[in-house]
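Trainee: A single structure is presented below for examination.
Since every read-out is calculated from the coordinates, none of them should be taken as a lab result. No experiment lies behind these values; they were computed from the predicted model shown. Methodologically, a virtual Cβ is constructed for each residue, glycine included, from the backbone with ideal geometry; neighbour enumeration extends over all protein chains shown.
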Amino acid sequence: MKKQRKTPFHSFTKNTMALILPALVVGCNSNGDYQGQTLEVESASFASESADQRAGLRSNRNRWWVRPKPTPKPTATPKPTVSPSPSATPKPTVTPSPSATPNPTVTPSPSATPKPTVTPSPSPSATPSPTVTPSPTVSPPSTSITAAQVVAAQTAKSHEAVIPDIRYEWQRYPMIIMQSPAKADIPSWFPYTKPAYCTLINSWMQVFEADGNKATNTRVQYRNLKVYTLSQATRKWTLLKNDAAPPYTDTWKYPFDFAADGGDRKESTGGVSFKPDYPRFGHGYGSQTILSNPADIRAVFVSMDTRLILDNANGVDDRDSAKLLTNVGADYWPDKASINNSWSYAPGIGQGRFILATKDWRKATMIVPNGRFGATMQEMIDNPPPLD
C-alpha cells in the first residue's frame with residue numbers, strides 16, 4: 001500500500017511545503033464572511049516530486065472548554081445528622097404511666113424500647129450515597145463543549161500555546177482553505193488540474209510539543225476522530241466516518257520532514273497515543289471517505305477526543321507540567337486515483353485550533369461552513385453538529 005506523506009496541515013510533501021507558503025489563505029470571521037490575505041512573496045514555481053518520494057507517499061495519512069471537575073459535595077453528605085430521628089424515640093419519658101400502674105412488673109415494656117439501637121441504620125444507608133456521586137468524573141469524555149465554543153475556537157486569532165520554530169501561518173492560528181469541494185474553491189496557487197468537484201474527504205490530526213513543556217513522562221491520547229457533513233438539501237448533519245482509533249500516526253521532524261512510519265501506541269482505554277519530543281511531532285490520519293454528493297455539502301465538522309496520559313505508568317506523573325498541543329483538520333481530494341498520482345498533495349479544507357491536552361478529556365474540532373450556500377458561523381451555532 002502506498003504511503004502518502006502529507007504535511008501537518010495541507011498534507012504537503014517535503015519538497016512542496018516550503019513552496020506553498022505564498023498561498024492564498026482563506027479565513028472565516030465570526031460573521032461567517034470569508035476573507036483572505038496574500039503573503040508578500042510568492043514562489044515562482046513548484047518543485048516536482050521525485051520518483052523516490054512519490055513511491056514513499058501514503059494514501060491515508062484539549063485546554064479546551066472542559067467541564068470543571070464536579071467538586072465532590074462532601075459537605076452535602078452530613079445528611080446523617082438529619083437522622084436524629086432516633087432521638088425522637090425518647091418516648092419512653094412519656095411512659096411515666098408506670099407510676100400510675102403500681103404493677104411494676106408491667107413497666108418492663110420500656111425495656112423493649114431500646115429499639116432505638118436499631119435505628120442507627122440511617123447512618124450506614126446515607127453515607128454510601130456520596131461515594132456514588134463521583135460518577136460525574138466519568139462523563140467528561142463528552143467534553144462538555146458547546147457549538148459556540150467550537151465556533152470561537154475556529155475563529156480564534158491564535159492557538160492555545162506557541163508551537164516551537166514557527167515558519168508557516170498555519171502554525172499561528174486556525175484556518176479555512178476550501179469552504180466547499182467545488183473547483184472554484186481550490187486555491188489559485190494550486191498547480192494541479194482542478195476537477196469540477198472533489199469527491200473524497202480525508203480527516204487528519206497532529207500532536208506537537210509546545211514551548212514551555214517540562215513533562216518527560218507524558219503522552220497525548222486521542223480517539224474518536226469523526227467527520228460530519230451538513231446537507232444543503234435537508235440541513236441535517238450526517239456522520240461520515242468515526243475512527244475510534246485513527247488508523248496510524250507517523251513521526252515527522254522539524255522542519256517538516258517525514259521521519260518514520262508509526263510512532264503511536266495503542267491504548268487499552270481506547271484509541272492511540274503519541275509522545276511528541278521536539279523536533280519530532282505526530283501527524284495521523286483518518287479513513288478516506290467518498291462523498292456521494294459533493295455538491296450538497298453545506299458545512300464540514302471534524303472532532304476528536306484527546307487527553308494526557310503517562311508514558312510509563314510506573315514513572316513520575318508530570319502531566320501537570322505538560323504543554324502538549326493537538327488539533328484536527330481535513331483534506332478534499334478529487335478521488336482515490338488522484339492521490340499521489342494526478343495530485344501529490346491536497347490544498348486542504350482547513351484546520352482547527354491547536355488545543356492544550358489536559359488530564360481530562362477535551363475535544364479538538366474544526367468547522368467549515370460553505371459560504372457559497374450562505375452558511376455562516378452563526379448558523380453553526382443555531383444548527384450545531386453532534387458534539388457527543
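Trainee: Please turn the phi angles of the range 302-316 into ³J(HN,Hα) values with the Karplus equation 6.51 cos²θ - 1.76 cosθ + 1.60 (θ = phi - 60°), one per residue in order, whole Hz, x for glycine and proline.
Mentor: 10, 9, 7, 8, 8, 7, 9, 9, 7, 6, 10, 4, 9, x, 6
Trainee: Another question, if that's okay. Around Tyr248, which amide H atoms from residues at least 5 apart in sequence, or from another chain, sit under 5 Å from its own amide H, with H modelled in the peptide plane?
Mentor: Placed amide hydrogens put Tyr285 under 5 Å from Tyr248.
Trainee: Okay, moving on. Of the cross-linked pairs Lys241/Lys323; Lys266/Lys336; Lys214/Lys253; Lys253/Lys323; Lys157/Lys336, which ones have a Cα-Cα span greater than 25 Å in the structure shown?
Mentor: Lys241/Lys323; Lys266/Lys336; Lys157/Lys336
Trainee: Further, regarding this structure: Could you run the Karplus curve 6.51 cos²θ - 1.76 cosθ + 1.60 with θ = phi - 60° over the range 260-269 and give me ³J(HN,Hα) per residue in whole Hz, x for Gly and Pro?
Mentor: 6, 5, x, x, 8, 9, 5, 10, 5, 8
Trainee: List the aspartates and glutamates whose alpha-carbon lies under 16 Å from that of Lys363, not counting same-chain residues fewer than 8 positions away?
Mentor: Partners within reach: Glu160, Asp243, Asp305, Asp388.
Trainee: Here is a follow-up. Placing unit charges on C-beta atoms (Lys and Arg positive, Asp and Glu negative, everything else neutral), compute the dipole magnitude of the range 262-316 about its Cα centre in debye, rounded to 20.
Mentor: The calculation lands at about 40 debye.
Trainee: Report the trypsin sites (Lys or Arg not before Pro) located in the range 206-266 that are in a DSSP loop and have at most 15 other Cβ atoms inside 10 Å of their Cβ, or state none.
Mentor: Lys214, Arg235, Lys236
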